[in-house]
Every structure is written in C-alpha cells, then in structure tokens.
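First comes the structure, then the notes that go with it.
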Amino acid sequence: MARMRNVDARHVELIGDNVSQALARGQKHGLGRKPPRQVAAIMDNTRGDLRDEVIGLLEAEDPDFAAATRRSMFTFEGLPDRLRGRDVAAVVRSVDSRVLLAALAGEDQATGAVRSFVLSNISSRFAEQIGEEIKEMESPGRRERDEAQREIMKAVVRLERAGEIQLIRAE
C-alpha cells in the first residue's frame with residue numbers, strides 16, 4: 001500500500017484500526033511475510049466493502065501485487081476452496097445458529113456459493129431447515145452479514161488451531 005499514490009485517509013485509518021485491534025488480541029497479522037501476504041493478513045480482518053475497495057485500488061496501481069494479495073487472502077468467500085467438505089459440520093456446530101443464518105443470507109454470488117457449499121456438506125434435513133430459515137428471515141444488513149461472516153472465519157481458524165479441522169492450503 002505504501003506504493004499507492006491515491007490512498008484515501010479513511011482507508012488508512014480503518015486499516016490502522018484493524019491492525020491495532022488485532023495486535024491488542026495478540027495477532028501478529030503477516031509480519032515477517034512477503035508484502036502481498038502482509039497485506040492479505042490485514043485484509044482478512046477488514047470489512048468486506050472496505051476490503052473490496054482497497055483491493056480495487058491496488059489493482060489500479062499494481063495488478064500483479066493485487067493478484068498476489070488476493071491469492072493469499074483467507075476470506076469467507078474463499079471457504080469452498082479452503083475448507084474440506086467433511087469439516088463443514090464442525091464449523092457449523094461451533095457457531096451460533098443466528099450467526100450462521102446471517103452469514104449465509106446474502107443474495108450476492110459469492111455468499112450464494114458459500115451457502116451452496118455449506119448446505120451440500122451437512123445433512124439434508126439440517127440443510128433444508130437452514131434454507132427455510134434463511135427464506136423466512138429478514139435479510140441482514142451488510143455490516144451484520146460481514147460481522148457474521150467474520151465470526152465464521154474466526155471459528156474456522158480456532159478449529160484449525162485446535163487440530164479439529166484441516167484447511168486446504170492456498171497455492
């Protein structure tokens with residue numbers, strides 16, 4: 001990001017807040033890693049709309065760096081590529097049902113792909129129940145959905161660190 005010419009002060013402040021909060025929780029983000037991985041580690045903990053905006057700015061300035069950063073990111077939208085189907089049930093059990101519903105309720109293509117992945121890797125009866133609850137619920141706002149999706153990602157990381165699931169490593 002230091003190489004970017006048109007960085008909005010709002011972006012720097014929001015990203016700085018994310019880094020500060022993560023450091024306060026004991027996370028070290030991507031420190032000591034290659035620059036795209038460092039940026040990806042920060043972006044992993046950033047709101048989806050801000051993350052998309054920053055990645056868009058990176059793409060305009062340095063498409064190769066942006067592509068390397070995107071490949072290194074571990075996001076909700078990337079779960080179908082990183083989470084083994086057999087581990088989905090463990091993740092679903094580890095989060096509150098309201099969080100799961102809010103995370104899967106989005107109408108965008110990426111959320112729909114994750115929803116399909118999750119529902120196809122749990123029991124058909126439970127998948128049908130979740131599908132019905134999503135249809136009946138009031139659609140969550142973007143911030144609520146982003147927060148729910150971050151909670152799911154925290155659960156995935158927690159389960160991996162505990163050795164309860166195994167992620168598919170990014171290339």
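The values are calculated or read from the model by the stated rules, or taken from the named source; none is laboratory data. Owing to the predicted nature of the structure, the values given are computational and were not obtained by experimental measurement. So basically every Cβ, Gly included, is an ideal-geometry build from the backbone, and we count neighbours across all protein chains shown. Heavy atoms of the whole protein, side chains included, go into the accessibility calculation; ligands, DNA and RNA do not. Shrake-Rupley method; radii C 1.70, N 1.55, O 1.52, S 1.80 Å.
Using a 1.4 angstrom probe with every protein chain in place, what is the largest-first accessible-area order of MET137, MET43, MET73?
Reading off the accessible areas and sorting them downward yields MET137, MET73, MET43.
At a Förster radius of 41 Å, what calculated FRET efficiency corresponds to the Cβ-Cβ distance of ARG98 and ASP64, to the nearest 0.05?
0.50
Going by a ≥ b ≥ c, the root eigenvalues of the Cα gyration tensor, does the range 48-171 fall in the rounded group (a/c under 1.5), the prolate group (a/b larger than b/c) or the oblate group?
Oblate, since a/c reaches 1.5 and b/c is not below a/b.
How much accessible area per residue does the range 25-171 have, counting only protein heavy atoms and a probe of 1.4 Å, in square angstrom?
Ligands and nucleic acids excluded, the result is 58 Å² per residue.
Please report, as a whole percent, how much of the solvent-accessible surface of the range 39-171 comes from carbon and sulfur atoms (probe radius 1.4 Å).
46 percent
Using per-residue counts of other Cβ atoms within 10 Å, averaged over each peptide, order 44-50, 79-85 from highest down. The partial results should precede the final answer.
Numbers: 44-50: 18.6, 79-85: 16.3.
Ranking, from highest mean packing down: 44-50, 79-85.
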